[in-house]
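K.L.:
What follows is a structure written as structure tokens; I'll ask about it next.
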Number of protein chains: 2
Amino acid sequence: MATTHHTLIIVGGGPAGLTAGLYAARARMDHLLVEKGAEGGQVLLTDWIDNYPGFPEGISGFELAEKMTAQAKRFELNSLFGNVVSMDLSSPIKRLELESGDSLSCDALIITTGARPRGLGVPGEKELTGKGVSYCATCDAPFYRNLHVAVIGGGNTAVQEAAHLTKFADKVTLIHRRDELRATKIVQEKAFANTKIDFIWDTNVTAIEGKDGVEQLRLLNTNGEESTLQVEGIFILIGVMPNNEMLPLTDLAADQGGFIPTDCETRTAVPGVMAAGDIRSKEVRQVINAAGEGATAVLAAENYLTNLS
Amino acid sequence: MATTHHTLIIVGGGPAGLTAGLYAARARMDHLLVEKGAEGGQVLLTDWIDNYPGFPEGISGFELAEKMTAQAKRFELNSLFGNVVSMDLSSPIKRLELESGDSLSCDALIITTGARPRGLGVPGEKELTGKGVSYCATCDAPFYRNLHVAVIGGGNTAVQEAAHLTKFADKVTLIHRRDELRATKIVQEKAFANTKIDFIWDTNVTAIEGKDGVEQLRLLNTNGEESTLQVEGIFILIGVMPNNEMLPLTDLAADQGGFIPTDCETRTAVPGVMAAGDIRSKEVRQVINAAGEGATAVLAAENYLTNLS
């Protein structure tokens with residue numbers, strides 16, 4: 001099987017990867033971007049993006065991905081459709097194995113494999129994603145002005161975002177599978193004091209129903225009782241999972257959640273390996289900061305390569 | 001004189017500040033963005049931006065600033081034209097003094113005052129900025145395909161960017177006021193080995209001349225000899241200066257260059273004070289990562305405010 005070498009390889013074609021690709025191509029580095037699906041990453045799952053600066057009326061996730069891709073291609077982005085299944089980062093020449101059986105090698109590597117929201121895995125969830133089912137209150141809250149929405153989860157994110165949603169929605173129902181929240185005390189207290197939030201305890205969502213948008217949830221109490229709840233939106237905030245299956249997590253000193261720690265210049269624990277976007281260990285996962293990190297990562301790669309003897 | 005209090009104040013209206021403003025406004029935080037000139041910051045000085053992801057054909061600096069401003073205003077950005085002349089960050093309520101004599105106070109503060117390239121201060125420099133005079137090779141190199149350009153400076157940035165420019169320009173002349181470079185050895189060696197780079201030592205630029213674009217430089221050797229050099233572009237890479245005159249640098253633990261260190265979530269040494277964009281102590285200063293940090297800073301501010309008792 002063939003092995004192809006490039007100075008820089010970027011794994012992942014979401015906003016971080018495409019921005020890295022744009023910068024690498026513009027800098028005329030010998031580079032390759034490897035993406036296993038469609039360029040755009042999670043952005044493609046997002047119906048409408050109102051908070052990517054530069055688009056006053058917002059932009060569809062699909063169109064933003066298309067524009068980022070076209071821009072990188074204008075500067076002769078070199079890309080490959082391929083699924084990286086494993087990496088060997090133990091020597092200065094990094095090796096990547098593809099599902100096809102081919103191998104790639106490189107001097108510098110930028111990991112932008114992203115993350116995915118943890119889903120409920122219930123009927124209706126996939127079909128109504130972007131049509132009332134959301135995984136990001138920061139992104140989508142303003143679309144729910146004067147409506148009734150449900151929030152699923154009991155951690156800091158879920159409870160904080162429930163409070164945030166009350167600035168827009170008329171009523172927020174937080175549904176949690178246990179009888180108490182995991183969120184820190186002060187966050188809990190603020191939520192309990194908020195008259196627009198009510199709570200349904202010990203309850204799981206078993207289905208999300210609706211025709212062109214979310215209309216109701218089917219609920220199951222741990223005591224066996226079934227019920228339904230009419231809502232126009234559901235925010236599933238039960239965590240985010242790193243796309244790290246192909247990464248050597250020990251070498252990269254992955255955190256407890258499986259995300260990759262870096263310094264502020266995106267450098268990981270392995271010299272010559274950068275991580276940008278949602279796969280990074282960080283607090284804020286937004287399209288705009290993923291893109292920013294993609295640019296930073298290429299400059300970090302250039303510095304690393306310049307100092308190679 | 002009046003003092004007005006806001007939960008969050010953002011000082012500076014460049015890409016970092018406008019993105020912070022967009023996020024704060026969308027989150028319906030009680031906020032105020034203070035800008036002393038026109039919204040857009042250094043972006044307004046940039047004729048054409050090819051590397052802000054989302055604009056396949058590029059976009060003018062003016063138009064990008066306008067779009068970012070319009071987007072934030074759509075979500076009811078609260079902004080004020082005012083010149084902050086000093087800050088008191090010694091207590092939880094931060095105080096800002098304006099040139100007008102009015103005061104502002106806030107619980108959380110995001111500093112996005114930016115930086116400016118150090119200029120030569122010679123005739124023609126201002127007039128031809130964006131028309132052959134550039135302060136950023138990463139941004140503008142591809143515009144100089146097959147042309148002859150000069151690079152001014154002797155540090156790592158100047159020498160690395162001279163090498164970078166040879167991927168596009170036919171010839172790069174590095175002009176330095178001393179007889180040796182400050183750049184690290186390996187960077188120097190690569191530049192000396194590059195046949196497309198020549199060097200003019202012990203020489204200062206005294207004027208930049210041209211009608212609609214750069215045509216020639218007037219040079220003065222330290223031995224008193226005058227000469228001219230025909231070039232189509234000049235990259236002035238003699239450093240960048242922080243806009244920090246209004247900042248309490250000791251409280252903020254400013255670095256040697258006067259920039260503000262933060263953690264990767266943009267938090268400075270002062271609780272409740274974030275710094276984003278070019279004013280941050282960092283290696284890569286690009287529009288896209290400034291914008292990304294603006295978003296990160298607002299989420300950091302929200303976390304800080306949530307945990308205030």
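The values are calculated or read from the model by the stated rules, or taken from the named source; none is laboratory data. Remember, predicted model here, so these are calculated numbers, not experimental data. Here the Cβ is made from the backbone with ideal geometry for all residues, glycine too, and neighbour counts use every protein chain on show.
K.L.:
With respect to A:ALA193, determine if the residue is among the aliphatic types (A, V, I, L, M), surrounded by fewer than 22 Cβ atoms within 10 Å (Cβ to Cβ) and more than 26 Å from the chain's Cα centre (by Cα). It would help to see each step written out before you state the result.
P.N.:
Numbers: among the aliphatic types (A, V, I, L, M): yes; surrounded by fewer than 22 Cβ atoms within 10 Å (Cβ to Cβ): yes; more than 26 Å from the chain's Cα centre (by Cα): yes.
Answer is yes for this residue.
K.L.:
Being part of a helix (DSSP H, G or I) and under 25 Å from the mean Cα position of the chain (by Cα) is the filter here; which residues of the stretch A:172-190 pass it?
P.N.:
At the first step, the residues of the stretch A:172-190 found to be part of a helix (DSSP H, G or I) are A:185-190.
Within the stretch A:172-190, A:VAL187 is the sole residue that qualifies.
K.L.:
Then there's this: Mind checking whether some residue in the stretch A:128-137 is under 16 Å from the mean Cα position of the chain (by Cα), charged (D, E, K, R) and under 30 Å from A:ILE238 (Cα atoms)? Give the steps one after another, and end with the answer.
P.N.:
Step one: list which residues in the stretch A:128-137 are under 16 Å from the mean Cα position of the chain (by Cα), which gives A:129-130, A:133-137.
Applying the additional criterion that residues be charged (D, E, K, R) yields none.
No, that holds for no residue.
K.L.:
Among the residues of the stretch A:256-307 satisfying the criterion of being among the β-branched types (Val, Ile, Thr), facing another protein chain (nearest Cβ under 7 Å) and without any contact (Cβ under 8 Å) to a residue 60 or more places away in the chain, which is nearest to B:ARG280 (Cα to Cα)? Full working, then the answer.
P.N.:
First, pick out the residues of the stretch A:256-307 that are among the β-branched types (Val, Ile, Thr): A:260, A:262, A:266, A:268, A:270, A:273, A:279, A:284, A:287-288, A:296, A:298, A:306.
Narrowing the set further to residues that are facing another protein chain (nearest Cβ under 7 Å) leaves A:284, A:288, A:296, A:306.
Remaining after also requiring without any contact (Cβ under 8 Å) to a residue 60 or more places away in the chain: A:284, A:296, A:306.
Values: A:VAL284: 18, A:THR296: 14, A:THR306: 24 Å.
That would be A:THR296.
K.L.:
Quick check on B:VAL133: is it in contact (Cβ under 8 Å) with a residue 12 or more places away in the chain, surrounded by 17 or more Cβ atoms within 10 Å (Cβ to Cβ), farther than 27 Å from B:GLU35 by Cβ and not assigned by TED's automatic domain parsing to the domain that holds B:SER281? Step through it out loud before you land on a result.
P.N.:
Numbers: in contact (Cβ under 8 Å) with a residue 12 or more places away in the chain: yes; surrounded by 17 or more Cβ atoms within 10 Å (Cβ to Cβ): yes; farther than 27 Å from B:GLU35 by Cβ: no; not assigned by TED's automatic domain parsing to the domain that holds B:SER281: yes.
So B:VAL133 does not fit the description; no.
K.L.:
Now, a different point. In the stretch A:18-59, what count of residues is obtained for those that are aromatic (Phe, Trp, Tyr) and assigned to a helix (DSSP H, G or I)?
P.N.:
1
K.L.:
Taking into account only those residues within the stretch B:173-213 that are touching a Phe, Trp or Tyr at 6+ places or on another chain (Cβ under 9 Å) and hydrophobic (A, V, I, L, M, F, W, C), which is farthest from the other protein chains (Cβ to nearest Cβ)?
P.N.:
Per the criteria, the residue is B:ILE175.
K.L.:
While we're looking at this one, here's another question. Filter the stretch B:184-210 down to residues that are farther than 15 Å from B:ALA162 by Cβ and either acidic (Asp, Glu) or modelled with pLDDT under 95 (or both), then give me how many there are.
P.N.:
Qualifying residue count for the region: 3.
K.L.:
Of the residues A:THR195, A:THR173, A:THR129, A:THR157, which is in contact with a Leu (Cβ under 7 Å, 6 or more places away or on another chain) and over 29 Å from A:LEU249 (Cβ atoms)? Don't jump to the end; show me each part of the working.
P.N.:
On the way: A:THR195 fails: in contact with a Leu (Cβ under 7 Å, 6 or more places away or on another chain); A:THR129 fails: over 29 Å from A:LEU249 (Cβ atoms); A:THR157 fails: over 29 Å from A:LEU249 (Cβ atoms).
The conditions single out A:THR173.
K.L.:
Answer yes or no: is there a residue in the stretch B:234-253 that is touching an Asp or Glu at 6+ places or on another chain (Cβ under 6 Å) and of a type outside the set (Lys, Arg). Talk me through it step by step, then tell me what you get.
P.N.:
Within the stretch B:234-253, the first condition is being touching an Asp or Glu at 6+ places or on another chain (Cβ under 6 Å), and the residues that meet it are B:237.
Subset that is of a type outside the set (Lys, Arg): B:237.
Yes - at least one qualifying residue is present in the stretch B:234-253.
K.L.:
So B:ALA169 passes all but one of these: (1) in a loop (DSSP other than H, G, I, E, B); (2) in contact with a Cys (Cβ under 9 Å, 6 or more places away or on another chain). Which condition number does it fail?
P.N.:
Among (1) in a loop (DSSP other than H, G, I, E, B); (2) in contact with a Cys (Cβ under 9 Å, 6 or more places away or on another chain), B:ALA169 violates only (2).
K.L.:
Which of the residues that make up the stretch B:105-127 are assigned to a loop (DSSP other than H, G, I, E, B) and under 26 Å from B:ILE288 (Cβ atoms)?
P.N.:
Step one: filter the stretch B:105-127 for residues assigned to a loop (DSSP other than H, G, I, E, B), giving B:112-114, B:118-127.
Those that are assigned to a loop (DSSP other than H, G, I, E, B) and under 26 Å from B:ILE288 (Cβ atoms): B:THR112, B:THR113, B:GLY114, B:ARG118, B:GLY119.
K.L.:
Select from the stretch A:1-35 the residues that are surrounded by 24 or more Cβ atoms within 10 Å (Cβ to Cβ) and away from every other protein chain (no Cβ under 14 Å) and write down the one among them that is nearest to the chain's Cα centre (by Cα).
P.N.:
A:GLY12
K.L.:
For the subset of the stretch A:227-239 comprising residues that are in contact with a Phe, Trp or Tyr (Cβ under 8 Å, 6 or more places away or on another chain) and not charged (D, E, K, R), which member is surrounded by the fewest Cβ atoms within 10 Å (Cβ to Cβ)?
P.N.:
So in the stretch A:227-239, the residues in contact with a Phe, Trp or Tyr (Cβ under 8 Å, 6 or more places away or on another chain) come out as A:232-233, A:235-237.
Imposing the further condition that a residue be not charged (D, E, K, R) reduces the set to A:233, A:235-237.
Working: A:GLY233: 25, A:PHE235: 28, A:ILE236: 23, A:LEU237: 25.
Ranking the candidates gives A:ILE236 first.
K.L.:
Separate question: Determine, yes or no, whether A:GLN286 is of a type in the set (S, T, N, Q), more than 17 Å from the chain's Cα centre (by Cα) and either buried (at least 16 other Cβ atoms within 10 Å of the Cβ) or under 30 Å from A:VAL172 (Cα atoms) (or both).
P.N.:
Details: of a type in the set (S, T, N, Q): yes; more than 17 Å from the chain's Cα centre (by Cα): no; either buried (at least 16 other Cβ atoms within 10 Å of the Cβ) or under 30 Å from A:VAL172 (Cα atoms) (or both): yes.
Spelling it out, it is not the case that A:GLN286 is of a type in the set (S, T, N, Q), more than 17 Å from the chain's Cα centre (by Cα) and either buried (at least 16 other Cβ atoms within 10 Å of the Cβ) or under 30 Å from A:VAL172 (Cα atoms) (or both).
K.L.:
When you scan the stretch A:1-57, how many residues do you find that are under 22 Å from B:LYS67 (Cα atoms) and of a type in the set (Val, Ile, Thr)?
P.N.:
The total comes to 4.
K.L.:
Sticking with this one: Scan the stretch A:210-236 residue by residue and report those that are acidic (Asp, Glu) and under 26 Å from A:THR138 (Cβ atoms).
P.N.:
Those that are acidic (Asp, Glu) and under 26 Å from A:THR138 (Cβ atoms): A:ASP212, A:GLU215, A:GLU232.
K.L.:
Looking at the stretch B:47-79, which of the residues that are more than 20 Å from A:GLU63 (Cα to Cα) and aromatic (Phe, Trp, Tyr) is nearest to the other protein chains (Cβ to nearest Cβ)?
P.N.:
Here the residue is B:PHE75.
K.L.:
Moving on. With the condition kept exactly as written, say whether any residue in the stretch A:260-276 is aliphatic (A, V, I, L, M), surrounded by fewer than 22 Cβ atoms within 10 Å (Cβ to Cβ) and modelled with pLDDT of 95 or more.
P.N.:
Checking the stretch A:260-276: at least one residue is aliphatic (A, V, I, L, M), surrounded by fewer than 22 Cβ atoms within 10 Å (Cβ to Cβ) and modelled with pLDDT of 95 or more.
K.L.:
Of A:SER79, A:SER90, which residue is crowded, with 19+ Cβ neighbours inside 10 Å, of a type in the set (S, T, N, Q), modelled with pLDDT of 95 or more and under 24 Å from A:ARG280 (Cβ atoms)? Please lay out each step first, then the result.
P.N.:
Numbers: A:SER90 fails: crowded, with 19+ Cβ neighbours inside 10 Å.
Step by step, each of A:SER79, A:SER90 is checked, and only A:SER79 is crowded, with 19+ Cβ neighbours inside 10 Å, of a type in the set (S, T, N, Q), modelled with pLDDT of 95 or more and under 24 Å from A:ARG280 (Cβ atoms).
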